[in-house]
């Protein structure tokens with residue numbers, strides 16, 4: 001299939017931006033929603049199959065869970081779209097940006113305290129992704 | 001060398017584990033059965049650790065392998081248009097009839113199962129930094145299997161990402177209660 005979009009450099013950049021934003025934001029958003037749902041549901045009392053099934057059934061009744069799963073599915077298809085264009089060794093490191101989104105999201109959305117050390121790690125991840133992007137040209 | 005002292009009578013193993021989070025960068029494994037005193041003997045510790053390390057090795061290979069297989073399948077399909085939706089449906093049909101994609105998904109599911117298994121045996125603050133190695137493995141596999149050109153700057157970037165994930169993972173995994 002020919003891709004006329006490739007001809008226009010600007011449109012190509014925009015598409016790239018949209019796909020990676022979807023991967024990072026939808027992926028992290030999905031995880032945050034699932035995390036929120038599961039924290040409300042509570043942990044399994046034991047690892048017995050009957051208890052695990054009970055927890056799953058309880059989780060399926062929480063709307064956050066469905067929202068989360070939907071967002072994670074979106075992120076997966078965006079990942080497939082990215083892999084059809086770019087090399088794996090570029091796409092996967094860039095998805096590490098989800099650590100950055102996760103730190104902001106969990107502080108704002110789940111009320112978690114993000115420590116200085118964790119911010120430092122997040123900063124390092126961001127620098128690493130920037131280097132990977134610079135190294136792809 | 002014992003990594004942690006055994007729980008005393010009536011003392012929760014979970015508490016011991018908490019004390020040990022920052023004590024050493026080794027998986028502080030614990031035996032679920034020891035939470036309540038019981039007659040069953042603990043499994044040999046060395047074997048337990050060895051299995052944990054092996055599972056982590058499987059984990060940091062299965063995840064990247066899944067991504068590489070997905071990449072292989074998607075490169076085979078090629079770029080596709082995302083608009084109008086009929087085009088998207090067409091692309092979706094192509095994606096789900098490609099065997100390599102299914103292999104990749106199977107590999108990612110295997111990764112997820114092993115990840116859960118590892119988390120049930122070792123601390124999250126050990127597992128997450130260890131899993132950051134996957135970013136290096138994905139570049140190696142891309143280079144070996146797909147023949148991708150990885151520039152030196154990209155290697156440096158990947159190393160910095162690993163370091164960042166390592167630092168993130170060495171922080172307290174739980175700071176908030178129930179939402």
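What follows draws every value from the coordinates through simple rules; no lab data is involved. Owing to the predicted nature of the structure, the values given are computational and were not obtained by experimental measurement. Ideal geometry is used to build each Cβ from the backbone, glycine not excepted, and the neighbour counts take in all protein chains shown.
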Quiz prompt | 19 Å reach of a label modelled at residue A:69, 7 Å along Cα-to-Cβ, counting backbone N of the stretch A:13-44 | solution = A:26-44
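Given a Förster distance of 45 angstrom, what is the FRET efficiency for residue B:151 paired with residue A:43, based on the Cβ-Cβ distance and rounded to 0.05? Don't skip to the end; give the middle numbers.
Numbers: r = 45 Å, r/R0 = 0.99.
The value I calculate is 0.50.
Residue separation times 0.36 nm, minus the C-alpha to C-alpha distance between residue B:112 and residue B:159: what's the value?
Working: separation 47, 0.36 × 47 = 16.92 nm, distance 2.34 nm.
Extending this stretch completely gives an extra 14.6 nm.
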Quiz item: So between residue B:46 and residue B:97, what do we pick up on full extension, going 0.36 nm a residue minus the alpha carbon distance?
Solution: 13.9 nm
Quiz prompt | For the stretch B:46-169: span of alpha carbons on each principal axis (Å, largest first) | solution = 54, 33, 25
Exercise. Evaluate 2.2 N^0.38 Å with N set to the residue count of the stretch A:7-134, then give the Cα radius of gyration divided by it.
Key: 1.24
Quiz item: Tell me, A:43, B:81, A:112 in order of fewest to most beta-carbon neighbours within 10 Å?
Solution: A:43, B:81, A:112
Practice problem: Any chance you could run the full-extension gain for residue B:144 through residue B:83? It's 0.36 nm times the residue separation minus the Cα-Cα distance, nm to one decimal. | Solution: 18.5 nm
Quiz prompt | Angle in degrees between helix A:98-109 and the longest Cα principal axis of chain A, rounded to the nearest 10 | solution = 50 degrees
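Let me check I have the definition right: for the stretch A:40-84, take the eigenvalues of the Cα gyration tensor, multiply each by 5, take square roots. What are those semi-axes in whole Å, largest first?
29, 13, 7
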Exercise. Can you tell me the equivalent ellipsoid semi-axes for the stretch A:65-137? Use √(5λ) from the Cα gyration tensor, largest first, whole Å.
Key: 24, 21, 6
Quiz item: Relative contact order of the stretch B:78-175: what whole-number percent is it, with Cα pairs under 8 angstrom and at least 6 residues apart?
Solution: 28 percent
Exercise. Estimate the FRET efficiency between residue B:105 and residue A:116 by the formula 1/(1 + (r/R0)^6), using the beta-carbon distance for r and 30 Å for R0, to the nearest 0.05.
Key: 0.20
Practice problem: Taking chain A as the reference, fit the longest principal axis to its C-alpha atoms, fit the long axis of helix A:9-21 to the helix C-alpha atoms, and give the angle between the two in degrees, 0 to 90, nearest 10. | Solution: 10 degrees
Practice problem: Evaluate Rg over Rh across the stretch B:61-131, taking Cα atoms for both radii and Kirkwood's formula for Rh. | Solution: 1.16
Practice problem: Take every Cα-Cα distance within the stretch B:42-82, group them into 10 Å bins from 0 onward, and report for each bin the whole-number percent of pairs it holds. | Solution: 25, 27, 20, 15, 9, 3
